[in-house]
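Colleague: Quick one: structure below, then a few questions.
The values are calculated or read from the model by the stated rules, or taken from the named source; none is laboratory data. These numbers were taken from a predicted model, which means no experiment stands behind them. Cβ placement follows ideal geometry from the backbone for every residue including glycine, while neighbour counts extend to all protein chains displayed. Heads up: the accessible areas ignore ligands, DNA and RNA and are worked out on the full protein's heavy atoms, side chains in. Shrake-Rupley method; radii C 1.70, N 1.55, O 1.52, S 1.80 Å.
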Amino acid sequence: MATTKKSPATIADKPKPEIQVQLQQIIGKFQDKDGRIRRAAHPVDSILLRGREVGQVGHTPGVGISLLNGVLLSPKEEEAIIDAVTKARGGVVPRFVKAPPSLDSIQILDDDEDTDEDDDE
Amino acid sequence: MAADEGTGATVTFGTSAFVAQYTDIEPDSITRAPLETSHLGTTVTRTFTMEDLITAGGFTATFFHDGDVQPPYNGAAEVVTITDPVQAGWALGPKVAGSGQVDDYKIGGKRIGELMQATMHVKFVGTVTFTDHTV
């Protein structure tokens, strides 16, 4: 009896995990004139990518996203951040994502992008 | 928290989103003025009480001049945040944040053999807060 053989699942077949982006409002502490510690919230959110802060964005819909120094994002990560901020700001797309220009020009590749390396023969 | 150097620190503007290649961020002191309470009956030492309100100061930043980009030198107040380097294992970096406005901007000077560097001073015009790092 012929049986249908299923090819083993490969890494390429497995669904890639969604890029996790969170926004967290910046809440700081200050001392009042009596020395008591009080808290105050600012109209700015920290942007966390996979649980680590990578930038900040103001609460006004459409304002640009500022990345922290040393942060390098792949195109997919940048897209995930823009999508998360757009969703949080009622569908208004942020004007830009800005990072301090780097003197090095390197391109961050997404995991599924091909490199230019030759295959070993 | 372990001591750390300044590489990786960032200044962000919450509305204008101005970014630059900073080489130096020098905060001003947060001060409060002493009010003298000495009177003719005071002995040994002058006495003082501190003013209720503090002066939050601001900071002076030096950055590489970019002729295509200017800081918000005439902009409205916005939240300005100085974030310390986010160390390995942290989720959020420590921050100082407050409503601020640029009150001084010096365009980069041009000299032989020197990179053009601009400076600006941001004045905190409201309460300044401190945010701890989180893991």
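Colleague: Tell me, what ³J(HN,Hα) does each residue in segment A:45-57 have, in order and in whole Hz, if you take phi through Karplus 6.51 cos²θ - 1.76 cosθ + 1.60 with θ = phi - 60° and put x for Gly and Pro?
Modeller: 10, 7, 9, 10, 10, 6, x, 10, 5, 10, x, 9, 8
Colleague: Using each residue's phi in segment B:64-69, evaluate 6.51 cos²θ - 1.76 cosθ + 1.60 at θ = phi - 60° and report the 3J(HN,Hα) Karplus result to the nearest Hz, with x for Gly and Pro.
Modeller: Taking θ as phi minus 60°, the curve returns 5, 5, 10, x, 8, 9 Hz for segment B:64-69.
Colleague: Let me ask another. Placing +1 at every Lys and Arg Cβ and -1 at every Asp and Glu Cβ, with all other atoms neutral, what dipole size does segment B:48-135 have around its Cα centre, in debye to the nearest 20?
Modeller: The calculated dipole for segment B:48-135 is roughly 240 debye.
Colleague: Could you work out the mean count of beta carbons from other protein chains within 10 Å of each residue's beta carbon in A:22-29?
Modeller: 4
Colleague: Got a sec? What order do B:Met120, B:Met1 fall in by accessible area at 1.4 Å, biggest, i.e. largest, first?
Modeller: Ranked list, largest accessible area first: B:Met1, B:Met120.
Colleague: Rounded if a/c is under 1.5, else prolate if a/b beats b/c, else oblate: with a ≥ b ≥ c from the C-alpha gyration tensor eigenvalues square-rooted, which is segment B:15-65?
Modeller: Verdict is prolate for segment B:15-65.
Colleague: Would segment B:66-135 count as rounded, prolate or oblate if I go by the C-alpha gyration tensor, calling it rounded below 1.5 in a/c and otherwise prolate when a/b exceeds b/c, oblate otherwise?
Modeller: Verdict is oblate for segment B:66-135.
Colleague: List the trypsin sites (Lys or Arg not before Pro) within segment B:6-106 that DSSP assigns to loop and that have no more than 10 neighbouring Cβ atoms inside 10 Å.
Modeller: B:Arg46
Colleague: Moving on. Taking 7 Å along the Cα-to-C-beta vector as the label spot, tell me the B:Thr23-B:Ile107 distance in nanometres, rounded to one decimal.
Modeller: It is 1.9 nm.
Colleague: Still on this model: Where in chain B lies the longest segment free of GluC sites (Glu not before Pro) that are both loop residues by DSSP (not H, G, I, E, B) and have at most 14 other Cβ atoms within 10 Å?
Modeller: B:52-135
Colleague: Residue farthest toward the positive end of the dipole of chain B, with Cβ of Lys/Arg at +1 and Asp/Glu at -1: which of B:Ile25, B:Gly14, B:Thr43?
Modeller: Result: B:Thr43, furthest along the dipole toward the positive end.
Colleague: May I pose another question? In a shell of Cβ-Cβ distance under 9 Å around B:Pro85, excluding B:Pro85 itself, what net charge do Lys and Arg (+1) and Asp and Glu (-1) give?
Modeller: -3
Colleague: Which net charge results for the neighbourhood of A:Phe30, defined as the other residues with beta-carbon distances under 15 angstrom from its beta-carbon, given Lys and Arg at +1 and Asp and Glu at -1?
Modeller: Cβ neighbours under 15 Å give a net charge of +3.
Colleague: In Å², and per residue, what accessible area does segment B:67-135 have when probed at 1.4 Å with the other protein chains present?
Modeller: Result: 53 Å² of accessible area for each residue.
Colleague: Within 10 Å of each Cβ in peptide B:19-32, how many partner chain Cβ atoms are there on average? Round it to a whole number, please.
Modeller: Counting Cβ atoms of other protein chains within 10 Å of each residue's Cβ and averaging gives 2.
Colleague: Quick check: net charge around B:Asp132, other residues with Cβ under 14 Å of its Cβ, Lys/Arg +1 and Asp/Glu -1?
Modeller: Here the count lands on +1.
Colleague: Rounded to two decimal places and with Rh computed the Kirkwood way over Cα pairs, what is Rg over Rh for chain B?
Modeller: Here Rg/Rh amounts to 1.11.
Colleague: Past 25 Å, Cα to Cα: identify those pairs from A:Lys76/B:Lys95; A:Lys98/B:Lys95; B:Lys95/B:Lys123; A:Lys33/B:Lys123, in the order given.
Modeller: A:Lys76/B:Lys95
Colleague: Inside 10 Å of the C-beta atoms of A:67-79, what's the mean count of C-beta atoms belonging to other chains?
Modeller: Mean number of neighbouring Cβ atoms from other chains: 3.
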